[in-house]
């Protein structure tokens with residue numbers, strides 16, 4: 001099942017990166033728990049509207065924004081970690097080239113939980129892989 005979970009997360013990311021937001025959102029459970037507390041104004045919220053709101057607010061902070069999916073790994077059980085590289089320039093003029101991670105919980109081939117980490121290695125610690 002763990003390889004299937006990796007495929008769920010990778011497929012969601014691939015859809016997002018090709019701007020197929022409908023396909024990306026379809027990877028989430030309708031009541032997904034979205035933990036964005038790694039961001040200064042981030043919060044824990046629920047549902048697909050929370051996903052859209054979080055991503056919209058984040059995208060609006062950028063003048064130039066590139067995202068690269070570096071790696072998606074099985075983190076044991078129903079958990080998957082995605083490592084992401086973000087590059088660009090914020091509207092405040094800050095140049096960014098950082099590696100982040102996201103920890104997902106997949107149940108019944110849908111993403112039930114997502115938590116972002118500004119320090120990429122932190123997801124490994126939370127998943128007890130580091």
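The values are calculated or read from the model by the stated rules, or taken from the named source; none is laboratory data. None of these values were measured; they are calculated from a predicted model. Cβ: placed from backbone, ideal geometry, glycine included. Neighbour counts: every protein chain shown.
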Note to self: So in the stretch 1-16, with the set limited to residues that are in contact with a strand residue (DSSP E or B) (Cβ under 7 Å, 6 or more places away or on another chain) and either at pLDDT 95 or above or in a loop (DSSP other than H, G, I, E, B) (or both), which one is surrounded by the fewest Cβ atoms within 10 Å (Cβ to Cβ)?
What the structure shows: 10
Next item on the list: Inspect the stretch 71-82 for any residue being within 15 Å of residue 118 (Cβ to Cβ) and touching a helix residue (DSSP H, G or I) at 6+ places or on another chain (Cβ under 7 Å) and give the result as yes or no.
Entry: yes
Check: For the stretch 70-106, which residues satisfy the criterion of being within 15 Å of residue 11 (Cα to Cα) and surrounded by fewer than 16 Cβ atoms within 10 Å (Cβ to Cβ)?
Finding: 70, 71
Margin query: If a residue must be in contact (Cβ under 8 Å) with a residue 40 or more places away in the chain and exposed (fewer than 15 other Cβ atoms within 10 Å of the Cβ), how many such residues does the stretch 17-27 contain?
Written below: 1
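Take residue 30 and decide whether it is out of contact with any strand residue (DSSP E or B) (no Cβ under 6 Å at 6 or more places or on another chain), outside any helix (DSSP H, G or I) and either buried (at least 16 other Cβ atoms within 10 Å of the Cβ) or modelled with pLDDT of 95 or more (or both). Even if it seems obvious, please write down each step before you answer.
Numbers: out of contact with any strand residue (DSSP E or B) (no Cβ under 6 Å at 6 or more places or on another chain): yes; outside any helix (DSSP H, G or I): yes; either buried (at least 16 other Cβ atoms within 10 Å of the Cβ) or modelled with pLDDT of 95 or more (or both): yes.
Criteria met by residue 30.
Within the stretch 41-62, identify whether any single residue is closer than 21 Å to residue 128 by Cα, surrounded by 15 or more Cβ atoms within 10 Å (Cβ to Cβ) and touching a helix residue (DSSP H, G or I) at 6+ places or on another chain (Cβ under 6 Å), and answer yes or no. Let's see the steps before the verdict.
Filtering the stretch 41-62 down to residues closer than 21 Å to residue 128 by Cα leaves none.
For the stretch 41-62, residues closer than 21 Å to residue 128 by Cα, surrounded by 15 or more Cβ atoms within 10 Å (Cβ to Cβ) and touching a helix residue (DSSP H, G or I) at 6+ places or on another chain (Cβ under 6 Å): absent.
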